[in-house]
1. Checking the a/c ratio against 1.5 first, then a/b against b/c, what shape does the Cα gyration tensor give for the stretch 3-100?
2. Over the stretch 585-740, calculate the relative contact order: mean separation of alpha carbon pairs under 8 Å at least 6 apart, over the residue count, as a percent.
3. In the stretch 652-697, how does Rg compare with the Kirkwood Rh, expressed as the Rg/Rh ratio over alpha carbon atoms?
4. Picking from Ser178, Gly207, Ser166, whose Cα lies most toward the positive end of the charge dipole for the stretch 146-217 (charges on Cβ: Lys, Arg +1; Asp, Glu -1)?
5. Once you have the Cα-Cα distance between Ser403 and Leu333, take 0.36 nm times their residue separation minus that, and quote the gain in nm to one decimal.
6. When the expected Rg is taken as 2.2 N^0.38 Å, what fraction or multiple of it is the alpha-carbon Rg of the stretch 16-161?
7. Let me see the P(r) profile for the stretch 190-240: every Cα-Cα distance counted, bins of 10 Å, each bin given as a percent of all pairs.
8. What order do you get for 340-352, 202-214 when each peptide is scored by the mean count of other beta carbon atoms within 10 Å, highest first?
Amino acid sequence: MYTHILTELDQNDAPHQLAGFKQAITSINILLADAFHTGVPAHDLVHQHAHFVDAILQRAWRAQMPSAINACLVAVGGYGRAELHPGSDIDLLLLTEDDPRDLAAPIERLITFLWDIGLEAAHSVRNLTQCLDEARQDVTVMTNLLESRYLVGQRTLFEQLKPQLSVENIWPSADFFSAKLAEQRTRHAKSDDSGYKLEPNVKTSPGGLRDIQMIGWVAKRHFAANHLADLQTQGFLTEAEYRHLQDGQYFLWQVRYALHVLTGRQEDRLLFEHQRALATMFGYQDTDANLAVERFMQRYYRTVLKLERLNEMLLQWFQEAILLNNKLGKPQLINRRFQARGGYIEVINPATFARYPLAMLEIFLLLQQRPDLQGVRGNTIRAIRAHRHLIDAHLRQDIRAQSLFMEILRQPQGITHALRRMHRYGILSRYLPAFHRITGLMQFDLFHVYTVDQHILAVLRNMRRFALSQHQTECPSCHAIWRQIPKPELLYLASLFHDIAKGRGGDHSALGALDAQHFCTQHQLPYYDSALVVWLVKQHLIMSATAQRKDIDDPEVIRQFANEVGDIQHLNHLYLLTIADMRGTNPARWNSWKASLLQRLYERTLATLQRGLDKPQNEDQLIESIQQKARRSLANQSVDEAEVIACWAEFFSTDYFLQTAPSAIAWHTMHLLESNNASIQVRMRKADERGCHEIFIFGPERDGLFAEITTLLDQMAANILAAQSQSSTRGIAVGSFYILEENGTAMTQERRAEIVHYLAERLNMSASNITPCTSRRMPRQLKNFVRDTHIQFEQDAMRMMTVLTLTTHDRPGLLTLVSTVLVNHQLRIHMAQVATEGAIARDRFSLTDHQNRPVTDTGQLNTLKQALIDSLDGEL
């Protein structure tokens, strides 16, 4: 491929040497990129690239180094394996015979030359003794030297190094394996032990290229296997397993090579902005059910899942061969089919699964019942993989198989581990065929941070944690409600099926409910149990949607939701499933605010159901009850009741009392009574009942005050969750803004004080000093999910307000942009409710004009709608 390039280089005379080398490197980069785009596979190109760099380095060495120099150039690391992607590091060792400082001048000249010609080499300079000393101290150095390859110079030096690296002299096999295993565990932990993140790293994430290299390093160190194919010869891999390993490596090389070509640098992260481009590059197209990028990423995730399985199996065998020296002790009989050996379960007879396929379910039940066992032995994992096809439609109809599966779900411990193992070994998708369709299926958005299969298992894990006392502080209400659940397995089934129909097109809740109905019928669950599971799957989104998109302070919203739920048992189950689902969708976006919304909805619905659906609570009675509690609190602080009544009559509406907790009403009242309202006052408290902080602002009213406040809070990088405002007959504005930190956490006392001081100082300046604008850039990830804005208006006749519902792409300062448009159209914002689902914002505003009248003119509404769209969609 590149012979002509080297020929041209060799024909250059000395004065044109630098330009010749530069041109050669430019030419090979273009040639390799063109070859890749025309279909030459990456597994050919990485080797050709490495061999070309070999030739360049050899020529550079001869041109720049003295001929008699006592040193040699050695390729190490990935370059030592003769694998170079376009942006890969070129790792070099300059091995010297004596003190490297004695050769500082020629070495510096060589390295400078390499940089000048565009070859960015990562190099180290050591003599033989230093190499061995560094290798003894650092397993990473040892690993690099393990893959060393002679390039040019004094070969005898390299030949002296290799024998010194043997297991007899340095890093015995057991120590090397233990160190590399610990290294892998640390690396996996940085990825939260998941290769299924939205933006995985092709190289370092679990199931990535580094896991394959890990196998190669251990095989080379202990078994003297220079290639992965040697593991097949030595009986560690079957032909099919080796093919899976090689195919996985080739696919990941193809992806990594494409990333480097696409970005023009070493980039191993599959970032959102690259995923679409790679999907197109690899020929994927959108379908009615899935985007091209989702289909491409599904192949990626399924590949790393297979590689994870192989990595686990091989490392366990290596552990037995290296650490235990194949001395596992005497087997301990478990039953006729299984025994324990060395802390792991294994089949007694290799033909067990062929003769009795039900044992492939039984083994996971036994692991639950024997928590002393660490896992499954490698030979048994292989046997499961080889026989899992025997779990077919006939076996799924076997009452014994059905009993085993349900028994796994009914165990008091080990449910999460059992189902995760079943998934890793390919058993779960054999027993539940629908699970295979969603394995590795990603949803190209920021709302779902896991693939669908991993999300389902995360929901099941969250559900399981509700039952465990050691985790009750995560969600005390869930732990308490869990103790009232008579059959937890029904919630586990709802968890398994709630998203199982994703990616088929249509309503996944309805389709999943049909799958759940089929499963329950097949497994002969009682009618009530089946109906509950099916209802949970079909309605699993209703509680989160109600809590986040509707006004749960409105008694009519609560009444309608209670009618949908029907009874307390359904409410309890739905509440647990909803929280487990939301926490498993994007753990980073779960916060105390969302928890409080759901808890408030649960408690109000529970009270409605306990009272009876045919006995709705009178709104006046509810308000009177809330006011009595607030009055008692104020009376305890010796506040005159007449002053309280006067204050409430001036400042607070009916809606205010429905939306505000009695403790907050008392707190607001105290501050209003203590103020002369001559200037804008800012107060802040921790609103435990809402799971956030409340900023209470009151003072002289002016146009645009709401937009000014949102601008200032945006400048302080506060996350506004909701807001409500009103004004008195004397022109005093009163408003509450509910906030958390940008990452959803609570604020420190110092941070709260900073925000209060900043708001009070700026709001009491001239309004012209506050320009409503966003001060922060849109995060990189959000830029990949820009969508058109959709706006809907409804008239709330009871409250005499116009409700604006807005769906758009999230971005910093969104509330400021919206409120500025509303202010410019002479509208007053009484309530703002913010809900964000990944990159999508679904916000709700209750509006009136300045005379507190709803906006009903169609022309005015259309003008407002267009102004909002122009502002939000034109802002990018």
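1. Numbers: a/c = 3.00, a/b = 1.32, b/c = 2.27.
Since a/c reaches 1.5 but b/c is at least a/b, the shape of the stretch 3-100 is classed as oblate.
2. Working: 164 pairs, mean separation 33.0, N = 156.
In percent, rounded to a whole number, it is 21.
3. Numbers: Rg = 11.1 Å, Rh = 11.5 Å.
Rounded to two decimals, Rg over Rh is 0.97.
4. Gly207
5. Values: separation 70, 0.36 × 70 = 25.20 nm, distance 2.33 nm.
Extra length from Ser403 to Leu333 when fully extended: 22.9 nm.
6. Numbers: Rg = 15.6 Å, N = 146, 2.2 N^0.38 = 14.6 Å.
Here the Cα radius of gyration is 1.07 times the empirical estimate.
7. P(r) over the stretch 190-240, rounded to whole percents: 26, 38, 28, 9.
8. Details: 340-352: 17.5, 202-214: 23.3.
Ranked by mean Cβ neighbours within 10 Å, highest first: 202-214, 340-352.
The values are calculated or read from the model by the stated rules, or taken from the named source; none is laboratory data. On a predicted model such as this, the values are computed, not experimentally measured, just so you know. FYI the Cβ positions are ideal-geometry reconstructions off the backbone, even for glycines, and counts take in every protein chain you see. What goes into the accessible areas is simple: the full protein's heavy atoms, side chains included, and nothing from ligands, DNA or RNA. Shrake-Rupley method; radii C 1.70, N 1.55, O 1.52, S 1.80 Å.
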